[in-house]
Amino acid sequence: MKRSEGALRIAITKGSLLIPPTYFAVQHAQRLSDEFDFSVFAGTTEITDASARHSLRIVDALDDVLPVSRRLSARHREIVSAAMPRVLRRKIAQWHPDVIHQHFGYASLPAVHAAKDSRARLLVTVHGGDAFSMLKTMSSRSLAGRPALARMQRHVSAAYRHADTILAVSDYIAGIAVQGGADARRVRVHYQGVDTEWFHPAEHESRQIPRLLFVGRLVETKGVRDLIEASTAIVKEQPHELDVVGGGPLLDELRAIAPSHVHVRGSQPRSAVKTYMQQADALVLPTRINNGAREAAGLVLVEAQACGTPVIAYDSGGTSEMVDDGVTGTLTREGDVGELADAVAQFLSLPEPTRRRMRDDARSFAVRSRSLDESCRQLSAIYTEEHQ
């Protein structure tokens, strides 16, 4: 781990840190570690990627006070750590950071109070669900679910009130944050960016049948049923294979009902996901509204484009900010399965030179506009702007 003499001390904070899948919480710190002195603080952690643990100083607050908790599941450790916010608050403040950068408005009270204790600047990145929580009403929840919503809203509201800067992962989410009570003067868009060195094009395997790809959690909101329906509707006229990568509550059902051209792969390691993206002809992400919430940003779309893979998606939430529509992919009306099927069929009928141009444009868009390097450059400026 590289450390810069006299560098600003940046505390990255999060209620719980699970790697995989939440690489986004630490990727900027890994890339900027020669410029700033980072420590990552979480109420509890579960990190199985050794490179992440070895490249950063990571503090697990629960480990220090209750080592025996390692016998519990990750979910139960989250519950225990959430009941002990003062431990995390004390750990953060004792490090005397110059800047505290909290990911997610929920589980933010330790960071909010530690910023007061240490007089550090507080940045809060809102990722989607936390911003949408402020628009929920108690009547939309069951009696059993209302205490959790009230707690989430209390945390997000505190983050909005006390953060010096609120960073939103898309312009769409910035608008949702303002709608939910954040001061528009302190809200800025900061696209998370993807590692375009890790996600890169590779030679396509030689094959006659095109391959489509879905990557995401297998839940209703991700629209995987819509995709399978659209794919099935056109497969006779436009033969293709469809790989469905991801885990979730719909996994067993989809495996039981999937037609022969659809291959439900389940959860895959990060390296395997990259390979699927590199080999796919297009990634399709028909995310749709769910309980009033839409796609916050859709980083998987940028990851695919960084691999030189065009994308097709519903025009939902922040999705349009992640695609150069008509150039690197196609956006269709949210929830319109027929239009989605037509878009996929049209893509599959394109001549190879056109697809090759789309692949090149997709890669260029990701590198130029949504790369981790560009995101880090912007974040570095944000970290230092009041210390210059």
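At-a-glance table
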read-out: Count of residues meeting criterion [touching a helix residue (DSSP H, G or I) at 6+ places or on another chain (Cβ under 7 Å) and among the polar types (S, T, N, Q)] in the stretch 320-348; value: 3
read-out: Boolean, T330 is within 19 Å of V224 (Cβ to Cβ), touching a residue at least 24 places away in the same chain (Cβ under 8 Å) and among the polar types (S, T, N, Q); value: no
read-out: Single match in V178, V224 (criterion: crowded, with 22+ Cβ neighbours inside 10 Å and of a type in the set (A, V, I, L, M, F, W, C)); value: V224
read-out: Qualifying positions in the stretch 298-342 - over 17 Å from the mean Cα position of the chain (by Cα), surrounded by fewer than 24 Cβ atoms within 10 Å (Cβ to Cβ), closer than 17 Å to T287 by Cβ and aliphatic (A, V, I, L, M); value: I312, L331, V337, A341
read-out: Selected residue [among the charged types (D, E, K, R), in contact with a strand residue (DSSP E or B) (Cβ under 9 Å, 6 or more places away or on another chain) and more than 30 Å from G318 (Cβ to Cβ)] from R57, R70; value: R57
read-out: Helices (runs of 4 or more DSSP H) within the stretch 153-270 that include 2 or more residues among the small types (G, A, S); value: 171-179, 224-234
read-out: When residues of the stretch 236-274 are limited to those that are loosely packed, with under 15 Cβ neighbours inside 10 Å and polar (S, T, N, Q), the one farthest from R211 (Cα to Cα); value: S271
read-out: Every residue from the stretch 370-379 that is out of contact with any helix residue (DSSP H, G or I) (no Cβ under 9 Å at 6 or more places or on another chain) and touching a residue at least 12 places away in the same chain (Cβ under 8 Å); value: Q378
read-out: Yes/no for K116 being more than 20 Å from G43 (Cα to Cα), in contact (Cβ under 8 Å) with a residue 24 or more places away in the chain and among the charged types (D, E, K, R); value: no
read-out: Single match in A82, A61 (criterion: without any contact (Cβ under 8 Å) to a residue 60 or more places away in the chain and in contact with a Gly (Cβ under 8 Å, 6 or more places away or on another chain)); value: A61
read-out: Single match in Y106, Y23 (criterion: within 25 Å of G193 (Cα to Cα) and in contact with a Ser or Thr (Cβ under 8 Å, 6 or more places away or on another chain)); value: Y106
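Every number here is computed from the coordinates shown, using simple stated rules; none is lab data. None of the values given here were measured: they were computed from a predicted structure. Neighbour counts run over all protein chains shown; Cβ positions are idealised from the backbone, glycine included.
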